[in-house]
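*Asks:* Got a structure for you, questions after.
The values are calculated or read from the model by the stated rules, or taken from the named source; none is laboratory data. This is a predicted model, so every value here is computed, not measured. Don't worry about glycine lacking a Cβ; one is built from the backbone with ideal geometry, like all the others, and counts go over all protein chains shown.
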Amino acid sequence: MKPAPFEYFDPRTVDEAIILLESHGDEAKVLAGGQSLVPMLALRLARPSVVIDVNRVTGLDGVRQNGTALSVGALVRQQTLERWAAERAPLLTTALRHVGHAPIRTRGTVAGSVVHADPASELPALLLCLDGAVVARSRRGTRTIAAGEFFQGPLMTALAPDELVTETRWTLPPPHAGWGFHEMARRQGDFALVGVSAVLSVARGRVVDARIAVFGAASTPLRARDAERALTGHAASEATLAEAARLATAGLEAVSDIHAPAAYRASVTRTLTARALTDAAARAKDAA
Amino acid sequence: MTARTVRLHVNGVSHTLTVEPRRTLADALREDLGLTGTHVGCEHGVCGACTVLWDGEPVRSCLLFAIQMDGASLTTVEGLADGERLHPIQEAFWATHGLQCGFCTPGILLTAKALLDQNPRPTETEIREAIGGNLCRCTGYHFIVEAIAVASRTRTSS
């Protein structure tokens with residue numbers, strides 16, 4: 001199908017964009033990479049009367065690293081970050097290679113995927129795993145929304161209709177930390193049935209920091225807090241990792257759909273958490 | 001809805017066209033410029049048939065609006081052959097029976113070109129990953145993968 005007619009604006013600055021957003025608010029959709037929005041327009045799942053194309057807005061295309069703090073401008077393409085991270089942050093590269101297919105990543109933006117907030121997509125979970133945040137601007141000012149507060153439901157976020165995301169912020173795992181990333185999908189490039197991202201830091205034989213994010217299993221990406229607590233302070237033994245994987249499904253409200261029933265998603269969550277933690281433990285260098 | 005005039009450089013030729021905002025790049029190429037080699041399958045970014053190259057990178061032309069593309073340099077399947085002489089990738093598809101009905105072929109040829117331009121000797125896994133976003137419903141992927149492997153050898157040796 002073809003998208004329904006819409007009015008088109010292509011502002012050149014963030015200020016112009018947020019003025020347009022303020023005046024059109026609920027009627028408007030922001031177009032960045034368009035790899036999620038344009039299919040929704042074509043299927044008429046979304047019918048905005050105004051499309052604000054931010055692709056020509058200047059100043060939103062930078063990737064800046066300061067220690068473990070990473071800032072990714074809202075127009076940075078997934079492919080750009082994938083290439084940037086190749087030598088620097090293997091967890092990011094691995095996760096990004098699961099996002100759609102190469103021609104999708106050429107155009108799709110990192111921030112767009114985060115803001116679209118599909119519960120089965122990789123980048124929202126990665127933002128949660130890496131204690132990230134979303135920086136949003138409106139005529140009312142700038143605010144930073146922690147990933148833990150950002151994702152509120154399927155395709156629902158804490159973003160107000162007049163806010164424009166200008167940047168996502170990530171905390172890269174320190175160089176000695178280990179990581180694991182596993183995903184189960186029907187076909188490569190599909191949305192995940194379930195996926196797990198894990199980071200472990202180890203010092204003097206014990207886990208000092210554990211981060212586990214699960215996606216695809218529930219209506220939003222989630223941190224497996226019980227599992228993280230069960231790891232912290234303990235040696236990353238096989239038994240401890242297995243117990244943490246079991247706890248990753250504790251309190252999990254797994255979803256059912258035509259692709260997989262809830263019990264299957266919970267079972268896969270446990271298996272993939274175990275695999276991600278095993279990889280992370282094997283990659284972690286003891287910081288003693 | 002206000003139409004706008006944009007300039008596109010397609011296969012080295014400049015075109016000026018006036019489009020309404022919702023005109024996809026795929027439709028602009030096919031219907032405004034008559035370049036019907038770009039095929040439209042699903043119209044929502046799943047099948048890969050409409051893949052074209054923008055500055056050498058593969059993109060879904062059904063997920064772009066022509067109005068966004070002012071000044072863009074594009075390659076479509078019509079830009080591959082040199083007159084009567086097929087591009088080496090097209091030759092390889094012919095030689096290995098890498099197509100039957102041909103519907104998915106333009107998108108796969110351009111995806112393969114982008115792959116080989118960036119990675120002249122890909123492994124079979126890399127080839128399969130690269131065309132993972134292109135659906136074929138008749139040939140089966142085996143001959144397509146073989147065609148791209150053959151093309152990588154002819155291109156590297158020539």
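*Asks:* When A:PHE191 is evaluated against the numbered criteria (1) closer than 25 Å to A:ASP286 by Cβ; (2) within 14 Å of chain B (Cβ to nearest Cβ); (3) among the hydrophobic types (A, V, I, L, M, F, W, C), which criterion, by number, is the only one it fails?
*Replies:* The number of the failed condition is (1).
*Asks:* Just to confirm my filter: which strands (runs of 3 or more DSSP E) fall fully inside the range A:1-119 and include at least 3 residues that are within 14 Å of chain B (Cβ to nearest Cβ) and more than 20 Å from the chain's Cα centre (by Cα)? Let's see the steps before the verdict.
*Replies:* Numbers: elements: A:7-9, A:28-31, A:50-53, A:63-66, A:69-73.
Of the strands (runs of 3 or more DSSP E) lying wholly inside the range A:1-119, those with at least 3 residues that are within 14 Å of chain B (Cβ to nearest Cβ) and more than 20 Å from the chain's Cα centre (by Cα) span A:7-9, A:50-53.
*Asks:* Now for a different question. Determine whether the range B:14-33 contains at least one residue that is surrounded by fewer than 18 Cβ atoms within 10 Å (Cβ to Cβ), among the acidic types (Asp, Glu) and on the phi > 0 side of the Ramachandran plot.
*Replies:* Checking the range B:14-33: not a single residue is surrounded by fewer than 18 Cβ atoms within 10 Å (Cβ to Cβ), among the acidic types (Asp, Glu) and on the phi > 0 side of the Ramachandran plot.
*Asks:* Next up: Within the range A:193-205, is there a residue that is buried (at least 16 other Cβ atoms within 10 Å of the Cβ) and either more than 24 Å from A:GLY251 (Cβ to Cβ) or without any contact (Cβ under 8 Å) to a residue 12 or more places away in the chain (or both)? So that I can check it myself, show each step before the final result.
*Replies:* Residues of the range A:193-205 that are buried (at least 16 other Cβ atoms within 10 Å of the Cβ), as a first pass: A:193-202.
Checking the rest, the ones that are also either more than 24 Å from A:GLY251 (Cβ to Cβ) or without any contact (Cβ under 8 Å) to a residue 12 or more places away in the chain (or both) come to A:201-202.
Yes; the residues of the range A:193-205 include at least one that is buried (at least 16 other Cβ atoms within 10 Å of the Cβ) and either more than 24 Å from A:GLY251 (Cβ to Cβ) or without any contact (Cβ under 8 Å) to a residue 12 or more places away in the chain (or both).
*Asks:* Of all residues in the range A:223-277, which are touching a residue at least 60 places away in the same chain (Cβ under 8 Å) and in contact with a strand residue (DSSP E or B) (Cβ under 7 Å, 6 or more places away or on another chain)?
*Replies:* A:ARG223, A:ARG265, A:VAL268, A:THR269, A:LEU272, A:THR273, A:ARG275, A:ALA276, A:LEU277
*Asks:* Among the numbered criteria (1) surrounded by 16 or more Cβ atoms within 10 Å (Cβ to Cβ); (2) out of contact with any strand residue (DSSP E or B) (no Cβ under 8 Å at 6 or more places or on another chain), which single criterion is violated by B:GLU43?
*Replies:* B:GLU43 satisfies all of (1) surrounded by 16 or more Cβ atoms within 10 Å (Cβ to Cβ); (2) out of contact with any strand residue (DSSP E or B) (no Cβ under 8 Å at 6 or more places or on another chain) except (2).
*Asks:* Let me ask something additional. Residue check: is A:ALA117 of a type in the set (A, V, I, L, M, F, W, C), at pLDDT 95 or above, at negative phi and not assigned by TED's automatic domain parsing to the domain that holds A:SER219?
*Replies:* On the way: of a type in the set (A, V, I, L, M, F, W, C): yes; at pLDDT 95 or above: yes; at negative phi: no; not assigned by TED's automatic domain parsing to the domain that holds A:SER219: yes.
In short, no.
*Asks:* To continue, here is another question. Yes or no: the range A:63-74 includes at least one residue that is free of Cβ contacts under 8 Å to residues at least 60 places away in the same chain and either farther than 27 Å from A:LEU128 by Cα or buried (at least 20 other Cβ atoms within 10 Å of the Cβ) (or both).
*Replies:* Checked against the condition, which is being free of Cβ contacts under 8 Å to residues at least 60 places away in the same chain and either farther than 27 Å from A:LEU128 by Cα or buried (at least 20 other Cβ atoms within 10 Å of the Cβ) (or both), the range A:63-74 yields no hits at all.
*Asks:* Test B:ASP117 against the stated conditions and say whether it is in contact (Cβ under 8 Å) with a residue 40 or more places away in the chain, out of contact with any His (no Cβ under 8 Å at 6 or more places or on another chain) and under 24 Å from A:SER36 (Cα atoms).
*Replies:* So B:ASP117 fails the test.
*Asks:* Of all residues in the range A:120-146, which are in a helix (DSSP H, G or I) and among the small types (Gly, Ala, Ser)? Talk me through it step by step, then tell me what you get.
*Replies:* Pass one, the range A:120-146, residues in a helix (DSSP H, G or I): A:122-129.
The one that is in a helix (DSSP H, G or I) and among the small types (Gly, Ala, Ser): A:ALA125.
*Asks:* Picking from A:LEU70, A:LEU91, which residue would you name as being of a type in the set (A, V, I, L, M, F, W, C), at pLDDT 95 or above and over 22 Å from A:GLU163 (Cβ atoms)? Steps first, please.
*Replies:* Working: A:LEU70 fails: over 22 Å from A:GLU163 (Cβ atoms).
When all the criteria are applied, what remains is A:LEU91.
*Asks:* Which of the residues belonging to the range A:164-192 are of a type in the set (Lys, Arg) and either in the same structural domain as A:VAL134 (by TED's automatic domain parsing) or within 16 Å of the chain's Cα centre (by Cα) (or both)?
*Replies:* If we filter the range A:164-192 for residues that are of a type in the set (Lys, Arg), which is where we start, we get A:169, A:186-187.
Of everything in the range A:164-192, just one residue is of a type in the set (Lys, Arg) and either in the same structural domain as A:VAL134 (by TED's automatic domain parsing) or within 16 Å of the chain's Cα centre (by Cα) (or both), namely A:ARG169.
*Asks:* Out of A:LEU159, A:LEU172, A:LEU193, A:LEU155, I need the residue that is in contact with a Gly (Cβ under 6 Å, 6 or more places away or on another chain) and either modelled with pLDDT of 95 or more or within 20 Å of A:ARG77 (Cα to Cα) (or both). Which one?
*Replies:* Values: A:LEU159 fails: in contact with a Gly (Cβ under 6 Å, 6 or more places away or on another chain); A:LEU172 fails: in contact with a Gly (Cβ under 6 Å, 6 or more places away or on another chain); A:LEU155 fails: in contact with a Gly (Cβ under 6 Å, 6 or more places away or on another chain).
Matching residue, one of A:LEU159, A:LEU172, A:LEU193, A:LEU155: A:LEU193.
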